[in-house]
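Here's the structure we're looking at; comments come further down.
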Amino acid sequence: PSEYVKGGEITLNISPTAVHKLQMGNERVEFSARFGGVARQISVPVASVYALYARESGHGMTFDVEPSKPAVQAQAEGEPGAPPAALPAPAAPGGPTRPTGGKPRLRRVK
């Protein structure tokens with residue numbers, strides 16, 4: 001989905017609990033997911049994947065990306081042929097970063 005693209009890249013959480021109908025093949029990674037409450041069918045060419053990493057530990061690996069390959073193809077459910085959206089985002093060096101801020105707070109709402 002183009003509204004989630006930052007700097008021509010997008011990070012996708014494709015854990016089995018976050019998506020439906022996850023299929024990982026030699027050519028494509030395909031799954032259904034909700035973005036802002038809208039169900040979408042996502043198809044990512046394996047050649048466009050820059051990195052895979054575990055959010056919990058930050059461990060993973062990066063790959064070479066061929067610039068001539070097509071970008072991520074996102075399409076709303078029931079709307080085949082949507083234009084490509086973006087390339088998957090790279091993992092940050094040293095794993096994902098946590099937002100900096102003050103002390104965490106718990107607030108009770110009645």
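Checking each residue in region 11-67 for being surrounded by 14 or more Cβ atoms within 10 Å (Cβ to Cβ) and in a helix (DSSP H, G or I) picks out Ala47, Ser48.
If we scan region 13-24, do we find a residue that is of a type in the set (A, V, I, L, M) and touching a residue at least 24 places away in the same chain (Cβ under 8 Å)? No.
Would you check if there is a residue in region 88-104 being modelled with pLDDT of 60 or more, of a type in the set (S, T, N, Q), exposed (fewer than 10 other Cβ atoms within 10 Å of the Cβ) and closer than 16 Å to Asn13 by Cβ? Taking every residue of region 88-104 in turn, none turns out to be modelled with pLDDT of 60 or more, of a type in the set (S, T, N, Q), exposed (fewer than 10 other Cβ atoms within 10 Å of the Cβ) and closer than 16 Å to Asn13 by Cβ.
The values are calculated or read from the model by the stated rules, or taken from the named source; none is laboratory data. Note that this is a predicted model, so its numbers are computed, not measured. Neighbour counts are summed over all protein chains in view; Cβ atoms, including those assigned to glycine, are modelled from backbone coordinates with ideal geometry.
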